Amino acid sequence: MKWSTICFDLDNTLYNHEYAFKRAIKQCYYTKLHQWKISVDQAPPFEAWFTTFKYYCDHFWPDLEHKRMSRLDYRRARYAEAMREHHLPVKMEEADDFHNEYYEIVHQFAKPDPMMGPLLKWLSDIGVKVGILTNGPSITQRNKIEALGLNQFVEEQHLLISSEAGLEKPDPRFFHLMEQTFQMGRHSLLNTDTFLFIGDSWEQDVEGAVAAGWDAVYLNTREIEPSSHVNVVTNVHSLSDLYVWLQTYGRGGR
């Protein structure tokens, strides 16, 4: 294998985050209807409300990504706009309660990609070190990691979560911090040419990894066109495609 270390993003890379997201939001929605004392018959159908909510998730995402909006303001904005559009009550404390419940339960809907286990086991069997580098709240991401069974494949020191590290993708320092976890116990410096990062976000995963001096694979699970001309090793559309590509081309380089 060309790379001695391969690290992965978590959401929409090792499992389908969109699937878990929608189902967790649905549970929160019906919980809140009860708290608002609104009957299901009086409320907009969940699919209609969720379509609006998801629109504002995507609408405000660039503001979050480019630091024009805090995570708290992002969550409040997407919730408030969806509520207003459907003529439902808007209170910021309820927006916070809604999202707090979401983060507490979303891991219950996280199901590993069918190829996750076979891919990570194969990498372990051939001696490739594996890490996880993810943005998000500590308890939420750790609950997902446990639900997905990732602890059996990835050592604790190689599980880096932004809220614990005080850094987040695409900051190259976050990737360099991961390098240090593999440096521990070694007497010589690691060569970053041996590091490969795999993720679904062009801006956070690909651009961040390349800026840190790593190779990167764009796992384009959501069919989103790259937003810049950063060089990647390859583009794939599923973990299954990635597994085949690594077995076929990963052993011999680019």
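The values are calculated or read from the model by the stated rules, or taken from the named source; none is laboratory data. Owing to the predicted nature of the structure, the values given are computational and were not obtained by experimental measurement. Ideal geometry is used to build each Cβ from the backbone, glycine not excepted, and the neighbour counts take in all protein chains shown. Heads up: the accessible areas ignore ligands, DNA and RNA and are worked out on the full protein's heavy atoms, side chains in. Shrake-Rupley method; radii C 1.70, N 1.55, O 1.52, S 1.80 Å.
Worth a mention:
- If you count Lys pairs in the chain whose Cα atoms are under 21 Å apart, skipping same-chain pairs closer than 8 places in sequence, the total is 25.
- Solvent-accessible ranking of Thr221, Thr13, Thr234, largest area first, probe 1.4 Å: Thr221, Thr234, Thr13
- Solvent exposure of the chain as accessible area per residue, Å², 1.4 Å probe: 49 Å²
- Helix axis angle, 17-35 relative to the chain longest principal axis, alpha carbon, degrees: 20 degrees
- The chain: relative contact order as a whole-number percent, Cα under 8 Å and 6+ apart: 24 percent
- Label of the coordinate-derived value, mean projected area of the Cα convex hull in nm², listed as [x] 13.9; [y] 23.2; [z] 28.6: [x]
- Farthest towards the positive end of the charge dipole of the chain, among the residues Pro112, Ser138, Gln35, is the Cα of Pro112, using unit charges on the Cβ of Lys, Arg, Asp and Glu.
- Simple label model, 7 Å out from Cα along Cβ direction - Asp63 to Lys111, nm: 3.5 nm
- Highest-first arrangement of 32-39, 124-131, where packing means the average Cβ count within 10 Å: 124-131, 32-39
- Within the accessible area of segment 1-123, the carbon and sulfur atoms contribute 52%, probe 1.4 Å, all protein chains present.
- Residues Asp215, Asp97, sorted by accessible area with the largest first, give Asp97, Asp215 [1.4 Å probe; ligands and nucleic acids excluded].
- Largest to smallest accessible area among Glu85, Glu223 [probe 1.4 Å]: Glu223, Glu85
- Computed from point charges on the beta carbon alone (+1 for Lys and Arg, -1 for Asp and Glu), the dipole magnitude for segment 1-132 about its Cα centre is near 200 Debye.
- For the chain, the dipole from Cβ point charges (+1 on Lys and Arg, -1 on Asp and Glu) about the Cα centre works out to 240 debye, to the nearest 20.
- Exposure of Val40 as accessible area (Å², to 10), given a probe of 1.4 Å and all protein chains: 90 Å²
- Most positive-pole-ward Cα, Gly208, Gln152, His229, against dipole of segment 107-239 from beta carbon charges: Gln152
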